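Input: a single structure, listed below in structure tokens.
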Amino acid sequence: MRADDWNRAKTSGLNPAQLAILELLEGRKDGLAVKEVATNLGVSQPTATDSIAALERKGLVAKRSAGTDKRGVNVGITSEGLSMLEAGRSSQSLAERTVDALAEHEQEDLLITLVKMIRHLQETDAIPIQRMCASCRYFAPFAHSDAAQPHHCNFVDAAFGQRDIRIDCREHETADPASRAATWDVFQQG
């Protein structure tokens with residue numbers, strides 16, 4: 001995945017941190033504060049600031065007023081930034097091709113294993129909370145009796161299956177710690 005990021009970034013004239021910022025901002029109409037960008041990417045605020053400044057010089061992001069706080073600014077992706085992301089997605093990545101080589105049940109097992117690994121890293125404060133179903137306030141694991149679609153997303157009000165668990169969702173809203181723990185217990189018990 002790192003090789004894919006480096007290749008996509010290099011092709012678009014960015015570094016991987018800049019590419020990650022564009023991907024983070026995609027679909028967030030109000031943008032994010034620099035501190036939120038840094039937290040989501042697990043980098044220092046000065047590192048995020050430097051990358052955002054470079055993206056702003058390239059016309060790929062723009063700063064906007066953060067609303068009521070006159071001093072606060074949010075960073076949002078521009079139409080040029082969105083176009084750059086779309087152009088970079090034109091072909092299947094090395095990671096996607098590799099996963100596609102696995103049988104369906106192996107793909108599902110890999111996804112659930114990744115979710116478990118990411119959650120463990122989050123809970124030990126090795127990485128920040130990721131935008132995955134297991135930490136989202138909208139996720140209701142095993143809410144349905146249908147084995148093919150046992151989970152429910154309250155954001156879109158729809159059932160979905162294990163294969164559709166997300167590890168990076170734009171609509172993610174972090175659940176409070178108690179809810180995350182309770183959700184995880186239900187998810188683990190299956």
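The values are calculated or read from the model by the stated rules, or taken from the named source; none is laboratory data. None of the values given here were measured: they were computed from a predicted structure. Here Cβ is always computed from backbone atoms with ideal geometry, including for glycine, and neighbour counts include all displayed protein chains. The protein model used for the area step is the full one, side chains on, heavy atoms only, and it has no ligands, DNA or RNA in it. Shrake-Rupley method; radii C 1.70, N 1.55, O 1.52, S 1.80 Å.
Quick look at the values:
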quantity: Calculated SAXS-style log₁₀ I(q)/I(0) at q = 0.13, 0.24, 0.25 Å⁻¹ - the range 109-190, Debye, Cα scatterers; calculated: -0.35, -1.28, -1.39
quantity: Inter-site label distance for VAL73 and LEU114 at 7 Å from Cα along Cβ, in nm; calculated: 3.4
quantity: Set LYS63/LYS116; LYS10/LYS63; LYS35/LYS58; LYS10/LYS35 screened for pairs whose C-alpha atoms are more than 28 Å apart; calculated: LYS63/LYS116
quantity: Isotropic mean projected area of the C-alpha convex hull, the chain (nm²); calculated: 12.0
quantity: Carbon and sulfur %, accessible surface of the range 1-155 computed with the full protein complex present, 1.4 Å; calculated: 53
quantity: Pair TYR138, LYS58: separation of 7 Å Cα→Cβ label points (nm); calculated: 2.9
quantity: Positive-end residue of GLY81, PHE160, ALA54, charge dipole of the chain with Cβ unit charges; calculated: ALA54
quantity: Charge dipole magnitude, Cβ of K and R +1, D and E -1 - the chain, Cα centre, debye nearest 20; calculated: 840
quantity: Efficiency of FRET from Cβ geometry, ILE127 and ALA101, R₀ 30 Å, rounded to 0.05; calculated: 0.65
quantity: R0 of 45 Å, Cβ-Cβ distance ASN7-SER145: FRET efficiency to nearest 0.05; calculated: 0.55
quantity: Net dipole in debye of the range 28-112 [+1 Lys, Arg Cβ; -1 Asp, Glu Cβ; about Cα centre; nearest 20]; calculated: 860
quantity: At least 30 Å along the helix axis (C-alpha) and Kyte average at least 0.0, DSSP helices within the chain; calculated: none
quantity: Shape box of the range 5-105 [Cα atoms, principal axes, largest first, Å]; calculated: 53, 28, 23
